[in-house]
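Please read the structure below before turning to the comments.
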Amino acid sequence: MKTFKMVCLDIDGTLLNSRHEITEHTKQVIRKVVNEKQIPIILVSARMPKGILFLQKELNIVQPIICYSGALIWNHGDQPLNITIPVSKVKMLYTIVKRLGIHISLYKDDEWFIEEFDEWVKQESEITKITPNITDFRNLFSIWEQNNTGANKILCMADFERIQKLEEKLKEYLSSHLNIYPSKSTYLEIMPNHATKTSGIDFLCKEFGIQRSEIIAIGDNYNDINMIEFAGLGIAMGNAPIQVKEIADDITLSNDQDGVAEALKKYILS
């Protein structure tokens, strides 16, 4: 059997079940991979560091994490890779979003900024177990301008129809500058143009001296396609859309059937 030296796991819809939990069985299998096979497990997500680190602690693993879909690598507080959206583009996007009456959240390093606490924030806070900072965005933009920086990620939340309309408008005006995709029907995620999960994984490959052929990548959604295609073995979850399954090398069980554990047992522990 082929030897693999790194496993890259998406979080939501992959590592976590539909109750946003890691099952005990999956935890046990991951610990075996890390402790017995000495293979690093890298968590790869659109989440911020705070939204990933507590899951690392649950799994009892210590490795760099890929945040904001590749815009930030967080390694024990260090940031060997940190890509931001220029504040000029953030301001343009903010104007469009506010005209459509859609919620907007801004993420920078390990902070989540909002203008007001609404139902969308409540929902996201309950999922991620993170409390955001209520901030005057215009002041925040001024600080970012002074520091020549911007956001690692922008999250827009609204009903399906408004998210669709926003996606169309942003792709018309800003698609050459930003990476824009829906992470679910009511969420639109915006990242720096050159940041992808694959770019983050490729960075760590060079750091660890690992070939892409030696990587297993497991994911469930459209923003996982590039890392599934990049890896030596790309695996789609059973709950993934058909387009994700079609490009994968294999399909495991769903996130509610310990699909990650089954894939790791099949390709590493068997």
Point to revise | Matching residues in segment 1-33 - criterion: being hydrophobic (A, V, I, L, M, F, W, C) and buried (at least 18 other Cβ atoms within 10 Å of the Cβ) | key: Phe4, Met6, Val7, Cys8, Leu9, Ile11, Leu15, Leu16, Ile22, Val29, Ile30, Val33
Practice item. Pull up segment 103-162, narrow it to residues that are over 15 Å from Lys89 (Cα atoms) and hydroxyl-bearing (Ser, Thr, Tyr), then point me to the one that is nearest to the chain's Cα centre (by Cα). Key: Thr128
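Here is a yes/no grid of residues against (1) surrounded by fewer than 15 Cβ atoms within 10 Å (Cβ to Cβ); (2) under 30 Å from Asp118 (Cα atoms); (3) out of contact with any helix residue (DSSP H, G or I) (no Cβ under 7 Å at 6 or more places or on another chain); (4) among the aromatic types (Phe, Trp, Tyr):
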{"position": "Lys153", "(1), (2), (3), (4)": "no, yes, no, no"}
{"position": "Asn179", "(1), (2), (3), (4)": "no, yes, yes, no"}
{"position": "Ser183", "(1), (2), (3), (4)": "no, yes, no, no"}
{"position": "Lys206", "(1), (2), (3), (4)": "yes, no, yes, no"}
{"position": "Ala248", "(1), (2), (3), (4)": "no, no, no, no"}
{"position": "Ile251", "(1), (2), (3), (4)": "no, no, no, no"}
{"position": "Gly259", "(1), (2), (3), (4)": "no, no, yes, no"}
Review point. If a residue has to be at positive phi and either outside the structural domain of Lys165 (by TED's automatic domain parsing) or touching a Pro at 6+ places or on another chain (Cβ under 6 Å) (or both) to count, how many in segment 89-114 make the cut?
Key: 0
Check your understanding: Does any residue in segment 115-127 that is under 24 Å from Leu15 (Cβ atoms) and not assigned by TED's automatic domain parsing to the domain that holds Leu15 come within less than 6 Å, Cβ to Cβ, of a residue that is surrounded by 19 or more Cβ atoms within 10 Å (Cβ to Cβ) and of a type outside the set (A, V, I, L, M, F, W, C) six or more places away or on a different chain, and which pairs are these?
Key -> Trp120/His103
Check your understanding: Among Asn148, Asn139, which is the only one that is at positive phi and outside the structural domain of Leu72 (by TED's automatic domain parsing)?
Key -> Asn148
Exercise for review: Return a yes/no flag: does segment 75-85 have any residue that is at pLDDT 95 or above, aliphatic (A, V, I, L, M) and over 18 Å from Glu111 (Cα atoms).
Suggested key: no
Check your understanding: Among the residues of segment 148-178, which ones are more than 15 Å from Gly101 (Cα to Cα), at pLDDT 90 or above and touching a strand residue (DSSP E or B) at 6+ places or on another chain (Cβ under 9 Å)?
Key -> Asn148, Thr149, Gly150, Ala151, Asn152, Lys153, Ile154, Leu178
Practice item. Mind listing just one residue for me: the one in segment 230-246 that is surrounded by 22 or more Cβ atoms within 10 Å (Cβ to Cβ) and in contact with a Ser or Thr (Cβ under 8 Å, 6 or more places away or on another chain) and, of those, farthest from Phe4 (Cα to Cα)? Key: Met237
Study note, to complete from the structure: Checking Met191, Met227 in turn, the sole residue that is touching a residue at least 40 places away in the same chain (Cβ under 8 Å), buried (at least 18 other Cβ atoms within 10 Å of the Cβ), under 12 Å from the mean Cα position of the chain (by Cα) and more than 25 Å from Ser254 (Cα to Cα) turns out to be Met191
Revision key, fill the gap. Checked Ile52, Ile30, Ile66, Ile61 against criteria (within 20 Å of Met237 (Cα to Cα) and more than 16 Å from the chain's Cα centre (by Cα)); the one match is Ile30
**Study point:** Extreme residue, farthest from Val90 (Cα to Cα), among residues of segment 165-185 that are free of Cβ contacts under 8 Å to residues at least 60 places away in the same chain and not polar (S, T, N, Q)
**Key:** Lys184
**Study point:** Residue identified as among the polar types (S, T, N, Q) and over 30 Å from Trp144 (Cβ atoms) among Asn82, Asn17
**Key:** Asn17
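The values are calculated or read from the model by the stated rules, or taken from the named source; none is laboratory data. Note that the structure is predicted; figures quoted are calculated from it, not measured. Quick reminder, even Gly has a Cβ in these numbers, built from the backbone with ideal geometry, and neighbours come from all protein chains shown.
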